[in-house]
Amino acid sequence: MIKQMLLTALALLSFAASGKEQHARWLDNTFRIDPSVKEVTLFIEREAPSVPVVLIKPDGSKLYYQRHPDNVSWASTDKRDVITLWQPQPGPWQATGKIAGEHAITLLSVFHLQLDALPNRVFQNEVIQLNGQLAYKNTTLDANYYLDGLSLKALLYAENPQNQDAFSRAPVELGTFKDNGTGADAIPGDGIMTAEVIFDALPGDYLFQAEVSNGVLARYVQHTLLLYPQPVRARFTTPDSERNWRIELETDSDVLADSLVVTGELINPLEQSVTISGQGTSIALPAARQPGNYRWQGKAYVTTMDGREIQIKLKDQVVRVVAPLPEPFAGSAAQTPPAPLWQQWWLWAALALVVISAVAGLWWRKRRKQPK
């Protein structure tokens, strides 16, 4: 037994020097923790299904999944225990339960989260692809094993929350990292988690944080961030008499306007979608024949003054297009409403002349019939 523990201690020293996770054959599932170890995580594979193991400390006391002190974090599935010990008691430890095989206990000491560095200047609504990985020294941990059940999120915290309302103090979730080969992730299960992060927040000072956790394993990186105003903005013109219209783009001095490329999707009131793409600050759109709401979403690709290629998510917009005014029928003249009767003097004069003539005629005929 003493010889086996000595071999175990030597194995731990070799493990610490090599920077690799420790897979070893433990006698009676017993392992030794060196006094220099300040934190250690145990991955214990069990026969499925089975209940969590029981850990026996060097002093003979026991740790249970349902009952353990604050310096222990414990997550369990039907076939695995993930246990992190902070300031663990040095000496021989033992795990009891339906442990699967001779190499079912893995000890992992200090590990950390690695994340791509952000650019020096980040713009509002800029889209940045970031990669993160959980590593021990310079070794990326196997995602299929260590990252099972882990989630990695990128968050923005307001730098001066005392000046913000309750909603502004809540962190803004920028994106979720995945290692499943979907979205921005290139290779599934390679240990590299990827996210397309959109900095959808107002310009200002923030604390950027990326955290990976499954309730036991938890690591994060963070640093302050100044978010600059969005350097590209889009507006829609009003359709002309031929129903032609355009997207007009405005750029700031932070970017080169002649490098601008825009792609997006325009959906008409009939829910018909058309892909839009173009270069420059004025882009023609398909004629707006159908009145109603047009929905737009798109991105702008542009070069900054310092030569960095960036992409900006343009603001989603709903544009209301009204129907054109009806044109008058060909050959029909606009009719003017008749003037009031009191303004029609010529009509009254003609009527008076007719009446006088009729009276005069009657008088003349009557006079001729009188005897002489």
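Observations on the model:
- Asp34/His112 FRET efficiency (R0 25 Å; Cβ-Cβ; nearest 0.05): 0.80
- Those residues of region 267-285 whose amide nitrogen sits under 14 Å from the label point placed on Val318, 7 Å along Cα→Cβ: 267-271
- The simple Förster model, with R0 at 25 Å and r as the Cβ-Cβ distance, assigns Leu351 and Leu325 a FRET efficiency of 0.05.
- Solvent-accessible surface (1.4 Å probe) assigned to Val127 amounts to roughly 10 Å².
- Only the Cβ atoms of Lys and Arg (+1) and of Asp and Glu (-1) were treated as charged; on that basis the dipole of region 283-329 about its Cα centre amounts to roughly 180 debye.
- For region 248-329: rounded, prolate or oblate by the Cα gyration tensor [a/c cutoff 1.5]: prolate
- In order along region 81-91, the Karplus-derived 3J(HN,Hα) couplings, from 6.51 cos²θ - 1.76 cosθ + 1.60 at θ = phi - 60°, round to 10, 10, 10, 10, 10, 9, 6, x, 5, x, x Hz, and Gly and Pro are given as x.
- In order along region 272-286, the phi-based Karplus estimate (6.51 cos²θ - 1.76 cosθ + 1.60, θ = phi - 60°) of 3J(HN,Hα) comes to 8, 10, 9, 7, 10, 8, x, 10, x, 9, 9, 10, 6, 10, x Hz; Gly and Pro are listed as x.
- Among the GluC sites (Glu not before Pro) within region 45-114, those in coil by DSSP and having at most 16 neighbouring Cβ atoms inside 10 Å are Glu47, Glu102.
The values are calculated or read from the model by the stated rules, or taken from the named source; none is laboratory data. Please read these numbers as outputs of a predicted model, since none were measured by experiment. Every residue, glycine among them, receives a Cβ derived from its backbone with ideal geometry; neighbour counts consider all protein chains shown. When the accessible area is computed, the model is the full protein with side chains, heavy atoms only, and any ligands, DNA or RNA have been set aside. Shrake-Rupley method; radii C 1.70, N 1.55, O 1.52, S 1.80 Å.
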